[in-house]
Amino acid sequence: MKSLRFGKSKDIRKSKDIIYALLKESLSGENCPQCYLLVKQKERWFESLLYEHVNNPGLREKIRNLGFCTKHLWDLLNYSERNLIDGLGLSIILQDMLKNELANLLKTGQVHVEWGSKCILCESLAESDKGYSESFAIWITEKEFSEFYKESSSIFCMDHLKALFEGLDEKNRTFILSVQLAKLEKLNQNLESFIRKFDYNVKEKKTHEEAEARRKTINVLKGNGY
């Protein structure tokens, strides 16, 4: 299946390509922008698998050999059901995997415990994650892009903030740190306000932003679980 190709150097600044457009789109939401991109990519991967590649012999062989981790196998089922896909494609893939495990068990009498330990989707997302980190580290140094992040509601999770810092020089790292701290402080204030308003003496209503602070804090602390 097709995957995104990332620039390997700062030459990508010369053209605002599809990667730049994706990065900027990711800043329009409230979650970690990099987690957002990886979740979107996971869903595109599922769509491509179920609609176009169910009968791709090379991919099917790779799935038999690598398998899926527990999370991504359940994610695949949930994606199929959430999008009202008829279930045929997924059933074919699942039967293929089940028959492979059954044959192995009959042949060896041993459980194939390694299956899924090198999840095919985990490998794909890990490659993209590295590419996104490199791309963010390049574009975040551009004034237009960094100001867009500063004014946006999006906020990097701690893991992706760490990866971003590793690709920045001291000047840009200091700037992004100041932006991140301001966003975290605002988030903390929303949580404090949400907690305070549970006091029966407080008559103010909880705002949507305050209520969403719990979800957003989880996203900041541990990412989006892609």
Exercise. Go through (1) touching an Asp or Glu at 6+ places or on another chain (Cβ under 9 Å); (2) surrounded by fewer than 17 Cβ atoms within 10 Å (Cβ to Cβ); (3) among the β-branched types (Val, Ile, Thr); (4) in contact (Cβ under 8 Å) with a residue 12 or more places away in the chain one by one and return the number of the condition residue 111 breaks.
Key: (4)
Quiz item: Residues in region 125-140: is at least one over 30 Å from residue 175 (Cα atoms) and of a type in the set (Gly, Ala, Ser)?
Solution: no
Practice problem: Out of the residues in region 1-25 that are surrounded by fewer than 12 Cβ atoms within 10 Å (Cβ to Cβ) and either under 18 Å from residue 149 (Cα atoms) or out of contact with any Ser or Thr (no Cβ under 8 Å at 6 or more places or on another chain) (or both), state the one that is modelled with the highest pLDDT. | Solution: 21
Exercise. Pull up region 31-79, narrow it to residues that are under 20 Å from residue 91 (Cβ atoms) and β-branched (Val, Ile, Thr), then point me to the one that is modelled with the highest pLDDT.
Key: 70
Quiz item: Of the conditions (1) modelled with pLDDT under 90; (2) surrounded by fewer than 14 Cβ atoms within 10 Å (Cβ to Cβ); (3) not in a helix (DSSP H, G or I), residue 28 fails just one. Which one is it?
Solution: (1)
Self-check item: helices (runs of 4 or more DSSP H) wholly inside region 37-141 containing at least 1 residues that are in contact with a His (Cβ under 6 Å, 6 or more places away or on another chain) and within 24 Å of residue 160 (Cβ to Cβ)
Solution: 120-139
Self-check item: Residue in region 194-221 that is surrounded by the most Cβ atoms within 10 Å (Cβ to Cβ), counting only those that are in a helix (DSSP H, G or I) and basic (Lys, Arg)
Solution: 216
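The values are calculated or read from the model by the stated rules, or taken from the named source; none is laboratory data. Given the structure is predicted, the values throughout are model-derived calculations rather than measurements. FYI the Cβ positions are ideal-geometry reconstructions off the backbone, even for glycines, and counts take in every protein chain you see.
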